[in-house]
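The structure appears right after this line, and notes come after that.
The values are calculated or read from the model by the stated rules, or taken from the named source; none is laboratory data. Owing to the predicted nature of the structure, the values given are computational and were not obtained by experimental measurement. For neighbour counting, all protein chains shown are included, and Cβ atoms are generated from backbone atoms with ideal geometry for every residue, glycine included. Remember, those area values only see protein heavy atoms, side chains included, never the ligands or the DNA or RNA. Shrake-Rupley method; radii C 1.70, N 1.55, O 1.52, S 1.80 Å.
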Amino acid sequence: FKENKVKENLAEVIYKSLCAKAQIVMQDEEDESIRKVLNFGHTIGHAIELNDNYLHGEAIAIGMINILKSTSLYSDVSKIIENMGIKAAKIENIDNLIDTIKNDKKAHNNLIDIIDLKELEKPEIKSISFDELKRRIS
């Protein structure tokens, strides 16, 4: 579903999303591998949720948009999310956000695990430094 078609087909989008999520969870019930891709946007989103006045879903959507800032998917994903009524908010206090992320359970050895997208529907689990994360979302 592109841009404005998501809202028009919301029930179908939710249904397909839940089916996809269920398949992933069944493949990895213990959250040890592929299930981690469901965390797309959550690393940044949870920090935004803790530091700012956003609902969970809004914060995760903003996290999704911001992790894609330096990619070719940024524009497409931003349009889809904005058509759902969520603005692509700029992160104001990046240093504060990074400090919050350093306490995330996915942080280890000065690295943070993120879910990256090279293409739509092709998530990749990556460990990146906090400096790299800061560059990506600035």
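Please go through the range 88-116 and give me each residue that is in contact with a Phe, Trp or Tyr (Cβ under 9 Å, 6 or more places away or on another chain) and open to solvent by less than 20 Å² (accessible area, probe 1.4 Å), ordered by number.
Listed by number, the residues that qualify are I98, I101, I112, I114, I115, D116.
Restricting to the range 88-106, give me the number of residues that are part of a helix (DSSP H, G or I) and under 14 Å from the mean Cα position of the chain (by Cα).
Total satisfying the criteria: 1.
Please go through the range 1-15 and pick out each residue that is part of a helix (DSSP H, G or I) and modelled with pLDDT under 90. Please lay out each step first, then the result.
So the first thing to find is which residues in the range 1-15 are part of a helix (DSSP H, G or I), and the list is 5-8, 10-15.
Answer for the range 1-15, where residues must be part of a helix (DSSP H, G or I) and modelled with pLDDT under 90: K5, V6, K7, E8, L10, A11, E12, V13, I14.
Between residues in the range 86-107 that are touching a residue at least 40 places away in the same chain (Cβ under 8 Å) and residues that are in a loop (DSSP other than H, G, I, E, B) and hydrophobic (A, V, I, L, M, F, W, C), which pairs lie under 9 Å by C-beta distance while being six or more apart or on different chains?
As it stands, the answer is L97/I91, since those pairs meet every condition given.
Quick check: is even one residue across the range 51-59 in a helix (DSSP H, G or I) and more than 21 Å from L38 (Cα to Cα)? Reasoning before the result, please.
As a first pass, look at the range 51-59 and keep what is in a helix (DSSP H, G or I): 51, 56-59.
With the extra rule that they be more than 21 Å from L38 (Cα to Cα), the set shrinks to 51.
Yes, the range 51-59 contains a residue that is in a helix (DSSP H, G or I) and more than 21 Å from L38 (Cα to Cα).
Condition first: touching a residue at least 24 places away in the same chain (Cβ under 8 Å), under 15 Å from I137 (Cα atoms), outside any helix (DSSP H, G or I) and of a type in the set (D, E, K, R). Can you find one or more residues in the range 60-71 that meet it?
Looking for residues that are touching a residue at least 24 places away in the same chain (Cβ under 8 Å), under 15 Å from I137 (Cα atoms), outside any helix (DSSP H, G or I) and of a type in the set (D, E, K, R), one finds at least one in the range 60-71, hence yes.
Looking only at the range 76-87, decide whether some residue is of a type in the set (S, T, Y), more than 22 Å from I112 (Cα to Cα) and assigned to a helix (DSSP H, G or I).
Yes, some residue in the range 76-87 is of a type in the set (S, T, Y), more than 22 Å from I112 (Cα to Cα) and assigned to a helix (DSSP H, G or I).
Taking the conditions exactly as written (assigned to a strand (DSSP E or B) and under 19 Å from I48 (Cβ atoms)), does I125 satisfy them or not?
no
Out of everything in the range 66-87 that is open to solvent by less than 30 Å² (accessible area, probe 1.4 Å) and more than 21 Å from N9 (Cα to Cα), what residue ends up being farthest from the chain's Cα centre (by Cα)? Steps first, please.
If we filter the range 66-87 for residues that are open to solvent by less than 30 Å² (accessible area, probe 1.4 Å), which is where we start, we get 66-68, 73, 77-78, 81.
Those still in the list that are more than 21 Å from N9 (Cα to Cα) too: 66-68, 73.
Details: N66: 8, I67: 7, L68: 8, L73: 13 Å.
Looking at residues that are open to solvent by less than 30 Å² (accessible area, probe 1.4 Å) and more than 21 Å from N9 (Cα to Cα), I get L73.
Give the residues of the range 16-32 that are open to solvent by less than 50 Å² (accessible area, probe 1.4 Å) and either among the β-branched types (V, I, T) or in a helix (DSSP H, G or I) (or both), sorted by residue number.
Matches in the range 16-32: A20, A22, I24, V25.
Can you name every residue in the range 33-60 that is closer than 15 Å to I115 by Cβ and open to solvent by 40 Å² or more (accessible area, probe 1.4 Å)?
S33, I34, R35, K36, L38, N39, H46
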